[in-house]
Amino acid sequence: MSGASIRFVLHGEVIEVDNVDPTRTVLQFLREDLGRKGSKEGCAEGDCGACTVVVAELTRDGDELALKSINSCIQFLPTLDGKELLTVESLAPDSSSLHPVQRAMIDEHGSQCGFCTPGFVMSLFVLYKTNPKPSRQEIDDALAGNLCRCTGYRPIIAAAQSMYAESPDDSDWLRQPCGKQDKPTERITRLKGLQRADGLEFDVAGRRYYAPVDIDTFAAIYARHPDATILAGGTDIGLWVTKQHRELQTVIYTGRVEELTNLSVMPAHIEVGAAVTLADVMPVIIDHYPGLEELFRRFASPPIRNAGTLGGNIANGSPIGDSMPALMVLGASLVLRQGDSVRELALEEFYHDYQVNDLRPGEFVAAIRIPKNEEAVIVSSQKWSKRFDQDISAVCTAYRLELDGEVVRSFRMACGGLAPIIKRARTCEAALDGKHWNEQNLERACAALASDFTPISDARASADIRLRAVQNMLRRFYLETRGEVDTTVYSYGRQS
Amino acid sequence: MRERAVGRALPHDSAHLHVTGRAAYTDDLPEPRDLLHLAVGMSEVAHARLRGVDLGEVLASPGVVDVCTAEHIPGANNFGSIVADDPIFADDEVQFVGQPVFAVAAKHVEEARRAALKASVDYELLEAILDPLSAVAKKSFVLPSETIVRGDPDDAISSAPRRLRRRLTLGGQDQFYLEGHIAMAIPQEDGRLLIYSSTQHPDEVQTVVAHATNRLAKDIVVICRRMGGAFGGKESQAGLIACIAALASDKTGRPCKLRLDRDDDMIMTGKRHDFVIDYDVGFDETGRILGIDFEFASRCGMSADLSGPVNDRTMFHCDNAYFLENVRIVSHRCKTNTVSNTAFRGFGGPQGMFAIEHVVDDIARELGRDPLEIRRRNFYGKDERNVTQYQQTVEDNIIDEIFDKLVVDSDYEKRRSAIREFNAGSKVLRRGIAITPVKFGISFTNTLLNQAGALVHVYKDGTVQLNHGGTEMGQGLYIKVAQVVADEFQIGVDRIRTMEADTSKVPNASATAASSGSDMNGKAAGKAAAKIRARLTEFAARHFSVSEADVEFSAGSVLVGDRSMSFAELVQLAWANRVSLSATGYYRTPKINYDRATFSGRPFFYFAYGAAVTEVVVDTLTGENRVLRVDILHDCGDSLNPAVDLGQVEGGYVQGVGWLTSEELWWNDAGELGTHAPSTYKIPTCSDLAPDFRVELLQNSANRENTIYRSKAVGEPPFMLALSAFHAIRDALAGSPDKAPNLQAPATPESVLRAIRDASHE
């Protein structure tokens, strides 16, 4: 393995940073070490987007460059190794040559206090480079991780629509919009030169960082350091550092491990490496289960989905994680690995209690296996929160329904936000099993939910209304299967 | 030809800096080499006597240089500007979770924050009052309750043909400026102190720091170039942050910076007041209000802060656009063991207007009429029924005209019928529509605050430095005032550099608040520029032997008789002939006079008007709701900058919708705020903006009063247009089955489900 420095590209130059604190954030590095202060800290938890920067990395085949917005406030610096970092300063070397995105933001009066603006510019920049003519829905989705408190968003949306108008014939790849781009050969070549065959490993004042490239090495390191923190997207672990001020002694990064970043569609199931990002896995899942589309649209925000992983969401095991109810009703299982031994465990058996799971010391989630859909099976998931985008569920439900005519052949329902762990609603399921799929039985199932769950009151919702909500969500699912309602308030009246 | 610099839709003066990341906020300023970073140790309990504060482990923590507590304050341990009841550091008692107990200074910010968690505090718990109603029951108030009475409300209510009574609950709101609180104090020679503060009120920072550090005002300079949003949250609260930085700087002898982490900011600093409102109204069969009794109880938190004027404004605005002939308004300013609430866009006005709009809506639903009709029925008249409950005659009433135009433009009647039809055939989703008016009084209710100063320098090359007492928080004040000065000199705004707000340039400036920024600073700067122009005119006339009437400033040049020269040439000549090219301007708002003791007089120079129609869709099973279409017509007078004003209207509306729908402040039984970060506190995102959003500024609507270029203030008034969204949600719920649903604000999915459940009497 290599020495104690990391390398990445910034401003056209390869930067080499020695003696990196493993949990120093990209934002701290930019602002405090480089004095590059365009990126702002608004929340230090990946929720406001003022710190949004863009990472350009090689695609898995190594032939293309993928642009991803991320929250620099919770991204640890060593994870940039081998990538290119683009910040708001990268777009306009001097103020006389504004980037079309920046020009549009000025022309449309898209900034007021301006503090959120660099983050918006970077999210818009990714949109500019990846979508030739975004719809309002696509603009909303692209900006879901950026909060603006001044403008009410109308002029920013206008900028997202008009930014293409001024796109010049420009040799600068950064200024070429989607559809008119040259291949960024030079950038790709430069990054290829930074890739490591052996992974990265260093020790700074007794604090260790490992970024192995193969799963055997990963398993061996973790077996040696069972107390280590496994770092994937860091969208939660980042907050341990920025909010709880914890010092992590040993960090093992999953993002470079080839086997963990594999995503394969097999004959009977989808095999998702634990380090596959949410952004990469969601389209594949939606492809097989269209009923999960709105859930995934509402799942966090683009910067979080670009960094966060499905394996991380599961292993973290939050009782309000949004992926698990759906995966649970689908009968997903986990591939767990400890040293050289591998076992498979049903997801629903993984969680024992709040923050307690079935993992043994040194054991980690290697992959998630999601069964493919069978015909005549209805799968749906609903999220209930105060806000459509970038909110944490107060309640999250998922259903898998198999009907034989009017009779329920099998019904599975799983819920988050109602118990210390995400779990199946067994009593409710039993109330419908083998029964007619009708209103009377549905009401029995709704009543049974009260014995499945004893929710609590917290900042997201009160106990009594949580229960009422989940019952109503089940009623809604029933009406959806009956064709009596086909839209939510979020899709109502929208032209996507 | 004179070229009008005002009235043009120029971009924000810093737009090109915003989009490139080059706009420097306080945390972006170069840091002095020996700078220390601060973190604040906060109370963990709502109410307790402090038996002991052990900071041994804090001091021993890596990187820590020093700590600072109440005992290290040489001057006054207070940053409250009206009532001296706001300790900088808790002394022997803590009064809310999050109250500063000490500050720790370290070399790195992370070290300071880590150390701040290591204090060991011994609390002797005391009884805590955690909500306004408990405070009323225990007569726990930060200030005495106030009453306005006009006519005979009791008789009017009891003898009215119809009567309604109701209790309303209305949540507060966090400002959620994207840039959190921050101040950096830098020692200067001979005991002076320089403070960079993210503040709407540099003068007050100067004053409270002077009192806390035992300095005189002359020895303190406070500077603020821009804030990353403020919305009232940096009016009084910035004083606390600056005091802590100043005290730590004095104790350590080094520059100190305090930048609050987002969570700490939300826990430690004040928000919009939440209210419980009881009303009792008597009305006739036509829906006209005959008598009304309001009782307001607001959560002020543990100190008075700005709660006095905030609640006064509630009393002044619980009429909104309606004539209340017989009225009693009682206002309780409740002392609770929660963070002291403060200014937030609208400053109590929104809560008063929420109350009366609810009353009017309830009357309409009780009578089975369209609320539009009942609103019109109760509007202030032009020549009669035109005196407010505080005895100010409404002289500039244009609400009927705005309503009439908006009802037509928005196609209100037709859409209302279509919605009724839709709801009749829809099982789960229901739509609703509402139109609400805004009439908002412009001026600080405390008359003495209505004054402003400016300092304008013209340099030999004909360029201008503009200083005024206003602060830039994103509202576009700097470009608007620059346009005023550009207009006066007839030069381009690119010839004008607006300088940071600086107490050494313009002294004793009022807060940039109460929507008064452009009105007051525009006038003051205009006057300063006019003085210099008059000198130049007089000089040119004398120098070239023409009459002053023959000196004309126009579009970058000056015509002196037959001669034309550039502005710069004239300036150069004037300088060479020893003409002063620097002037101050001073403005005091005319006509206002107001007796706080009797709540009567003319507190407001004029009123700003507007109206909005909002249509929503509500899911009756999940309670989720979304705004579908918005039509706004708002009165900015003759706008100084239509693009900036449009931004204020749009942004204000969306922020108001956040207040009334998704933004919920939640405390647990221990008085801990559970919603102290964007993960749990949900302001609107992009997708919350209505897909159909139509905003228009009222045209040909010059202010009747002699304001700056006959414009109108625009910061706060549009915020309250959002009341239409709340009533549209009620409209959607009406008849399912309750005709007047008991919907609590904010209308979160939970709140909507609760209203539906209560209506079903389960």
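The values are calculated or read from the model by the stated rules, or taken from the named source; none is laboratory data. None of these values were measured; they are calculated from a predicted model. Here Cβ is always computed from backbone atoms with ideal geometry, including for glycine, and neighbour counts include all displayed protein chains. Surface areas here come from the heavy atoms of the whole protein model, side chains and all, with no ligands, DNA or RNA. Shrake-Rupley method; radii C 1.70, N 1.55, O 1.52, S 1.80 Å.
Quick check, is A:Arg412 out of contact with any Gly (no Cβ under 6 Å at 6 or more places or on another chain), in contact (Cβ under 8 Å) with a residue 40 or more places away in the chain, under 23 Å from A:Gly321 (Cβ atoms) and at the interface with chain B (Cβ under 9 Å from one of its Cβ atoms)? Can you show your working first?
Values: out of contact with any Gly (no Cβ under 6 Å at 6 or more places or on another chain): yes; in contact (Cβ under 8 Å) with a residue 40 or more places away in the chain: yes; under 23 Å from A:Gly321 (Cβ atoms): yes; at the interface with chain B (Cβ under 9 Å from one of its Cβ atoms): no.
So A:Arg412 fails the test.
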Notebook entry, point to check: Has region B:267-278 got at least one residue that is within 18 Å of B:Ala135 (Cβ to Cβ), open to solvent by less than 10 Å² (accessible area, probe 1.4 Å) and of a type in the set (Phe, Trp, Tyr)?
Noted result: yes
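Would you tally the residues in region B:711-743 being assigned to a loop (DSSP other than H, G, I, E, B), under 26 Å from A:Cys150 (Cα atoms) and more than 12 Å from every other protein chain (Cβ to nearest Cβ)?
Step one: list which residues in region B:711-743 are assigned to a loop (DSSP other than H, G, I, E, B), which gives B:712-716, B:734-743.
Then drop every residue that is not under 26 Å from A:Cys150 (Cα atoms), which leaves B:712-716.
With more than 12 Å from every other protein chain (Cβ to nearest Cβ) added as a condition, the list becomes B:712-714, B:716.
Number satisfying all stated conditions: 4.
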Notebook entry, point to check: Can you tell me which residues in region B:612-630 are open to solvent by less than 10 Å² (accessible area, probe 1.4 Å) and more than 8 Å from chain A (Cβ to nearest Cβ)?
Noted result: B:Ala612, B:Val613, B:Thr614, B:Val616, B:Val630
Notebook entry, point to check: So which of B:Ala76, B:Ala90, B:Ala105, B:Ala112 is in a loop (DSSP other than H, G, I, E, B), in contact with a Leu (Cβ under 7 Å, 6 or more places away or on another chain), touching a residue at least 24 places away in the same chain (Cβ under 8 Å) and assigned by TED's automatic domain parsing to the domain that holds B:Gln206?
Noted result: B:Ala90
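Based on this model, can you work out whether B:Thr447 counts as buried (at least 23 other Cβ atoms within 10 Å of the Cβ) and touching a strand residue (DSSP E or B) at 6+ places or on another chain (Cβ under 9 Å)? Working first, answer last.
Details: buried (at least 23 other Cβ atoms within 10 Å of the Cβ): no; touching a strand residue (DSSP E or B) at 6+ places or on another chain (Cβ under 9 Å): yes.
No: the conditions fail for B:Thr447.
For region B:123-159, what are the residues that are of a type in the set (D, E, K, R) and under 24 Å from the mean Cα position of the chain (by Cα)?
Restricting attention to region B:123-159, the residues satisfying the condition of being of a type in the set (D, E, K, R) are B:124, B:127, B:131, B:138-139, B:146, B:150, B:152, B:154-155.
Selection gives B:Asp131, B:Glu146.
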Notebook entry, point to check: Looking at (1) under 28 Å from B:Met42 (Cα atoms); (2) more than 9 Å from chain A (Cβ to nearest Cβ); (3) under 21 Å from the mean Cα position of the chain (by Cα), can you tell me which one B:Asn641 breaks?
Noted result: (1)
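Does B:Asp27 satisfy being assigned to a loop (DSSP other than H, G, I, E, B), at pLDDT 95 or above and either open to solvent by 10 Å² or more (accessible area, probe 1.4 Å) or farther than 30 Å from B:Ser566 by Cα (or both)?
On the way: assigned to a loop (DSSP other than H, G, I, E, B): no; at pLDDT 95 or above: yes; either open to solvent by 10 Å² or more (accessible area, probe 1.4 Å) or farther than 30 Å from B:Ser566 by Cα (or both): yes.
Considered against the rule, which asks whether it is assigned to a loop (DSSP other than H, G, I, E, B), at pLDDT 95 or above and either open to solvent by 10 Å² or more (accessible area, probe 1.4 Å) or farther than 30 Å from B:Ser566 by Cα (or both), B:Asp27 comes out as no.
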Margin query: Being within 14 Å of chain A (Cβ to nearest Cβ), open to solvent by less than 10 Å² (accessible area, probe 1.4 Å) and either more than 29 Å from the chain's Cα centre (by Cα) or of a type in the set (A, V, I, L, M, F, W, C) (or both): is that true of B:Val394 here?
Written below: no
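Being part of a loop (DSSP other than H, G, I, E, B), open to solvent by 60 Å² or more (accessible area, probe 1.4 Å) and more than 7 Å from chain B (Cβ to nearest Cβ) narrows it down to one residue among A:Asp486, A:Asp464; which is it?
Working: A:Asp464 fails: part of a loop (DSSP other than H, G, I, E, B).
Criteria check complete, one pass: A:Asp486.
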Next item on the list: Of all residues in region B:698-754, count the ones that are farther than 22 Å from B:Leu628 by Cβ, open to solvent by 10 Å² or more (accessible area, probe 1.4 Å) and among the hydroxyl-bearing types (Ser, Thr, Tyr).
Entry: 2
Check: Quick check: is even one residue across region A:436-449 within 29 Å of A:Thr235 (Cβ to Cβ) and not in a loop (DSSP other than H, G, I, E, B)?
Finding: no
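Based on what the data block shows, is B:Arg33 more than 13 Å from chain A (Cβ to nearest Cβ), among the charged types (D, E, K, R) and in a loop (DSSP other than H, G, I, E, B)? Quick ask: steps written out before the conclusion?
On the way: more than 13 Å from chain A (Cβ to nearest Cβ): yes; among the charged types (D, E, K, R): yes; in a loop (DSSP other than H, G, I, E, B): yes.
Yes.
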Check: Being within 18 Å of A:Leu85 (Cβ to Cβ), away from every other protein chain (no Cβ under 14 Å) and surrounded by fewer than 16 Cβ atoms within 10 Å (Cβ to Cβ), is that true of even one residue in region A:198-205?
Finding: no
Margin query: Here are the criteria: (1) within 10 Å of chain A (Cβ to nearest Cβ); (2) in contact with a Lys or Arg (Cβ under 6 Å, 6 or more places away or on another chain); (3) of a type outside the set (Phe, Trp, Tyr). Tell me which single one B:Val19 does not satisfy.
Written below: (2)
Notebook entry, point to check: Out of all the residues in region B:693-709, is one or more more than 30 Å from B:Val485 (Cβ to Cβ) and away from every other protein chain (no Cβ under 11 Å)?
Noted result: no
Notebook entry, point to check: Of the numbered conditions (1) under 22 Å from A:Glu166 (Cβ atoms); (2) surrounded by fewer than 24 Cβ atoms within 10 Å (Cβ to Cβ); (3) small (Gly, Ala, Ser); (4) in contact (Cβ under 8 Å) with a residue 24 or more places away in the chain, A:Gly82 satisfies every one except a single condition; which is it?
Noted result: (1)
Next item on the list: Tell me, please, whether a residue that is in a loop (DSSP other than H, G, I, E, B) and charged (D, E, K, R) can be found in region A:412-431.
Entry: no
Notebook entry, point to check: Of the numbered conditions (1) touching a Leu at 6+ places or on another chain (Cβ under 9 Å); (2) within 23 Å of A:Ser333 (Cα to Cα), A:Pro267 satisfies every one except a single condition; which is it?
Noted result: (1)
Notebook entry, point to check: Which of the residues belonging to region B:656-686 are under 28 Å from A:Gly110 (Cβ atoms), in contact with a helix residue (DSSP H, G or I) (Cβ under 6 Å, 6 or more places away or on another chain) and assigned to a loop (DSSP other than H, G, I, E, B)?
Noted result: B:Ala677, B:Ile683, B:Pro684
Notebook entry, point to check: Hey, any hits in region B:554-568 for a residue that's open to solvent by less than 30 Å² (accessible area, probe 1.4 Å) and part of a helix (DSSP H, G or I)?
Noted result: yes
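Residue-wise test of (1) facing another protein chain (nearest Cβ under 7 Å); (2) in contact (Cβ under 8 Å) with a residue 12 or more places away in the chain; (3) crowded, with 22+ Cβ neighbours inside 10 Å.
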site	(1), (2), (3)
A:Thr117	yes, yes, yes
A:Phe125	no, yes, yes
A:Asn131	no, yes, no
A:Asp140	yes, yes, yes
A:Gly152	yes, no, yes
A:Gly179	no, yes, no
A:Thr185	no, no, no
Next item on the list: Might you let me know whether region B:331-346 holds any residue that is over 27 Å from B:Trp667 (Cα atoms), at pLDDT 95 or above and surrounded by 22 or more Cβ atoms within 10 Å (Cβ to Cβ)?
Entry: no
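With respect to B:Leu258, is the statement that it is over 19 Å from the mean Cα position of the chain (by Cα), in the same structural domain as B:Ile182 (by TED's automatic domain parsing) and surrounded by fewer than 24 Cβ atoms within 10 Å (Cβ to Cβ) true?
Values: over 19 Å from the mean Cα position of the chain (by Cα): yes; in the same structural domain as B:Ile182 (by TED's automatic domain parsing): yes; surrounded by fewer than 24 Cβ atoms within 10 Å (Cβ to Cβ): no.
No; evaluated as a whole, the condition is false for this residue.
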Next item on the list: Go through (1) more than 17 Å from B:Ile632 (Cα to Cα); (2) away from chain A (no Cβ under 13 Å) and name the single condition B:Ala677 misses.
Entry: (2)
Item checked: Qualifying positions in region B:74-94 - open to solvent by less than 20 Å² (accessible area, probe 1.4 Å) and within 15 Å of B:Ala242 (Cα to Cα) -> B:Phe79, B:Gly80, B:Asp86, B:Ile88, B:Phe89
